[in-house]
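Some notes on the structure that comes next.
The values are calculated or read from the model by the stated rules, or taken from the named source; none is laboratory data. The model shown is predicted, which means the values in this text are computed figures rather than measured ones. Positions of Cβ are backbone-derived with ideal geometry, glycine not excepted, and every protein chain shown enters the neighbour counts. For accessibility, only protein heavy atoms count, side chains too; no ligands or nucleic acids. Shrake-Rupley method; radii C 1.70, N 1.55, O 1.52, S 1.80 Å.
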Amino acid sequence: LEYQKGLFWRSPYISIAILIGMFTIAGSPLLALFPLKVSMWNSLSESFPNQGLWFAISLIGFWISAARTTAIFLSSKPKLVEIRRENGWNTVLILIGILITLALGLFPNFFFWVDSELVYKLYQGLN
């Protein structure tokens, strides 16, 4: 954790990409996995209320983890670690990944054609 302190000030694009990834996994609105998380939560809550509750608790855990990581990244940078910035190609690829993640969240109907009832039927077929 000592090396991650102040990562935002040393490598801003990498730290933003990591944080967007963590908040995507947590199911934050306007990010890529939000529509899928909502449909999963609705299906679980209707069919299996206990599992829906545990799913919500796990998302809260991801949110707490992402918030703690944000605090570590934004803390003051240690004096012993050298500052290395991303090079040009790394920055371009990271920004493309961030834009794709945001596009998946902003336009979910364009990218995700999966219906929650179809997912539920597939789940029932596996069990």
| message | Which three numbers, in whole Å and largest first, are the semi-axes of the equivalent ellipsoid of region 1-40 derived from its Cα gyration tensor as √(5λ)? | response | 26, 9, 5
| query | Mind listing the phi-derived Karplus ³J(HN,Hα) values for region 86-94, rounded to whole Hz, using 6.51, -1.76 and 1.60 with θ = phi - 60°, and x for any glycine or proline? | reply | 6, 7, x, 5, 4, 5, 4, 5, 5
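Sorted by accessible area (1.4 Å probe), largest first, how do E86, E46, E2 line up? Please list the in-between numbers first.
Working: E86 30, E46 155, E2 110 Å².
Descending order: E46, E2, E86.
For I98 and S75, FRET efficiency with R0 = 30 Å and r from the beta-carbon atoms, rounded to 0.05? Can you show the working numbers first?
Values: r = 22 Å, r/R0 = 0.74.
Step by step, r from the Cβ atoms, then E = 0.85.
Test of understanding: what is the full-extension gain from W9 to N50, defined as 0.36 nm times their sequence separation minus their Cα-Cα distance? Before the final figure, lay out the partial values.
Values: separation 41, 0.36 × 41 = 14.76 nm, distance 4.22 nm.
Here the answer is 10.5 nm.
For an R0 of 30 angstrom, estimate the FRET efficiency from the Cβ-Cβ distance between L30 and W89 and round to the nearest 0.05. Provide the component values of the computation, followed by the final result.
Numbers: r = 27 Å, r/R0 = 0.91.
That gives a FRET efficiency of 0.65.
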